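J.: My questions will all concern the structure given below.
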Amino acid sequence: MKSASILMVIGSALLLGLFIFPLWSIELEAPQYPNGIGMHIHLDGLQGREKHDLQNIDGLNHYIGMRKLPKPEDMWEFSVFPKVIAGMATLGIIIGLLGLFKGISPKWFLGWLILMCVLGILGMYDFNAWMVDYGTNLDPKAIMKMTDADGNPLSYKPPLFGTRHILNFVAKSYPHTGAYMMGFGMFLTFVAYWIGNKNMKPVKV
């Protein structure tokens, strides 16, 4: 159980990387922006890829009727998500230490992983729902009103994952360093459960 518990501690601690590195990144490429503009999505707010990128995105959004990018105080997620990640990291580290010193069942490792997966799915669902609202709930008084082939208002929703052409822009949405650290941490906790379960002896529950 020693090696499994150490992996559990390390895997849980990797979640703390989300307080340093972005979780997600959205970039826009167009002829008028040869180097592209973009934003990094952190647990507690948005940050431009370059100094003036957020202002430039807001300027573009104004013409097509999209709202300004939200500030931390505009979305409850930016205050709740850091607490959730800190809580899950702390809980995982405690479970790992209990496995190391008290010999608790590796099923606790699996329970933590399942809970983390559920929270991750809910987080992605919420993120996508925000993008749908942000890209489709447009100002009817916008300077530019674009429609699709059926005459419906054009949606400017960026892709949740991947690439999408929007007018003369190419929108790219992909995980960033923080997401990879979280994913690797969750993988380590699965390995911890697998090793612990494989080598399990009679344990205290």
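J.: Run Asp133 past the list (1) of a type outside the set (S, T, N, Q); (2) under 19 Å from Met39 (Cβ atoms); (3) touching a residue at least 60 places away in the same chain (Cβ under 8 Å) and report the number of the one that doesn't hold.
T.: Tallying (1) of a type outside the set (S, T, N, Q); (2) under 19 Å from Met39 (Cβ atoms); (3) touching a residue at least 60 places away in the same chain (Cβ under 8 Å), Asp133 fails exactly one: (3).
J.: So, one more: Yes or no: Met66 surrounded by fewer than 19 Cβ atoms within 10 Å (Cβ to Cβ), among the hydrophobic types (A, V, I, L, M, F, W, C), under 16 Å from Met131 (Cα atoms) and touching a residue at least 12 places away in the same chain (Cβ under 8 Å)? Walk me through how you get there before you give the answer.
T.: Values: surrounded by fewer than 19 Cβ atoms within 10 Å (Cβ to Cβ): no; among the hydrophobic types (A, V, I, L, M, F, W, C): yes; under 16 Å from Met131 (Cα atoms): yes; touching a residue at least 12 places away in the same chain (Cβ under 8 Å): yes.
Here the answer is no, as Met66 does not meet what is asked.
J.: Continuing with the same structure: Could you check Phe190 against (1) more than 24 Å from Met124 (Cβ to Cβ); (2) part of a helix (DSSP H, G or I) and say which number it fails?
T.: (1) is the only condition that Phe190 fails.
J.: Would you tally the residues in region 102-148 being at pLDDT 90 or above, exposed (fewer than 13 other Cβ atoms within 10 Å of the Cβ) and more than 30 Å from Asn61 (Cα to Cα)?
T.: Total meeting the criteria: 3.
J.: Of the conditions (1) surrounded by fewer than 19 Cβ atoms within 10 Å (Cβ to Cβ); (2) in contact (Cβ under 8 Å) with a residue 40 or more places away in the chain, Ala4 clears all except one; give me its number.
T.: (1)
J.: Also, quick follow-up: Output the residues belonging to region 19-37 that are on the phi < 0 side of the Ramachandran plot, surrounded by 14 or more Cβ atoms within 10 Å (Cβ to Cβ) and free of Cβ contacts under 8 Å to residues at least 60 places away in the same chain.
T.: Our first condition is that a residue be on the phi < 0 side of the Ramachandran plot; within region 19-37, this holds for 19-35, 37.
Subsequent filtering for residues that are surrounded by 14 or more Cβ atoms within 10 Å (Cβ to Cβ) retains 19, 21-30, 33, 37.
Within region 19-37, Tyr33, Ile37 meet the criteria.
J.: Pairs please, first residue from region 183-198 and surrounded by 15 or more Cβ atoms within 10 Å (Cβ to Cβ), second anywhere and of a type in the set (Ser, Thr, Tyr) and assigned to a helix (DSSP H, G or I), Cβ atoms under 8 Å, 6+ apart in sequence or on different chains.
T.: Every condition considered, the pairs that remain are Gly185/Ser12; Thr189/Ser12; Ala192/Ser5; Ile195/Ser3; Gly196/Ser5.
J.: Within region 154-177, track down each residue that is under 16 Å from Pro31 (Cα atoms) and surrounded by 15 or more Cβ atoms within 10 Å (Cβ to Cβ). Full working, then the answer.
T.: Step one: of region 154-177, the residues under 16 Å from Pro31 (Cα atoms) are 164-172.
Arg164, Ile166, Phe169, Ala171, Lys172 - these are the residues of region 154-177 that are under 16 Å from Pro31 (Cα atoms) and surrounded by 15 or more Cβ atoms within 10 Å (Cβ to Cβ).
J.: How many residues does region 155-177 contain that are touching a residue at least 24 places away in the same chain (Cβ under 8 Å) and in contact with a strand residue (DSSP E or B) (Cβ under 7 Å, 6 or more places away or on another chain)?
T.: Adding up the residues that qualify gives 12.
The values are calculated or read from the model by the stated rules, or taken from the named source; none is laboratory data. Note that the structure is predicted; figures quoted are calculated from it, not measured. So basically every Cβ, Gly included, is an ideal-geometry build from the backbone, and we count neighbours across all protein chains shown.
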